[in-house]
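The values are calculated or read from the model by the stated rules, or taken from the named source; none is laboratory data. Note that the structure is a prediction, hence the values are computed from the model and not measured. Glycine gets a Cβ as well: all are built from the backbone with ideal geometry, and neighbour counts include every protein chain shown. The protein model used for the area step is the full one, side chains on, heavy atoms only, and it has no ligands, DNA or RNA in it. Shrake-Rupley method; radii C 1.70, N 1.55, O 1.52, S 1.80 Å.
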Amino acid sequence: MDARIVVKNGWLVKEGGLRRTHKRRWFVLTTMSLYYSKNEKSAHPQGMISFRGGVTCMQYFPGCSASTTEMRGYVFMVKTNSRDYFLMADTPALMQEWISSINFAIQKTQERQITCHNFTKISISSATCAWCHESVPSLGRQAYRCDDCGFIIHTKCFNAVEGNAKMLCARALW
């Protein structure tokens, strides 16, 4: 799972991709992806829905897909470039919470894809500047660290990195 903040987690029913079976899965929503696994104690997710690219999330309305007619209840869809994921919540309130939370994460992912690093000024004992590859002086010298990818730079290199449109944060593009 990515190092993003967990926005929401809980049980949903997911329609399978090939067999169209409906299974209850534990979902973990982060600010970049939606992960699912067989249970909440699974060490590794069974699958992931990335929010990169043209992703949308909306309530499902009957008649959109014949395969989802077995999913009675509070169904919503996460539509990616490669697949439509049909998910079902236990209540209408939970469905709306999931849709709102997923749309929030999609929006944050899209904002990150067009922005550069998310720098915070820090005091650091020692490190190597990722921009100029020189040693950052030790003993509490000021530096900047990207909150998303950990990229550390000198204070003197900060303006060069911030002004360079090609220096997109690697984590923001995952």
Practice item. At 1.4 Å probe size, with no ligands or nucleic acids counted, give the accessible surface of Asp84 in Å², nearest ten. Key: 50 Å²
Review point. What lysines could a cross-link reach from Lys38, if we take a straight Cα to Cα line under 18 Å and drop same-chain neighbours fewer than 8 places away?
Key: Lys8, Lys14, Lys23
Check your understanding: With every protein chain present, what accessible area does Cys57 have (1.4 Å probe, heavy atoms only), rounded to the nearest 10 Å²?
Key -> 10 Å²
Point to revise | Spacing of the two label points (7 Å from each Cα toward its C-beta) at Gln46 and Gln110, in nm | key: 3.0 nm
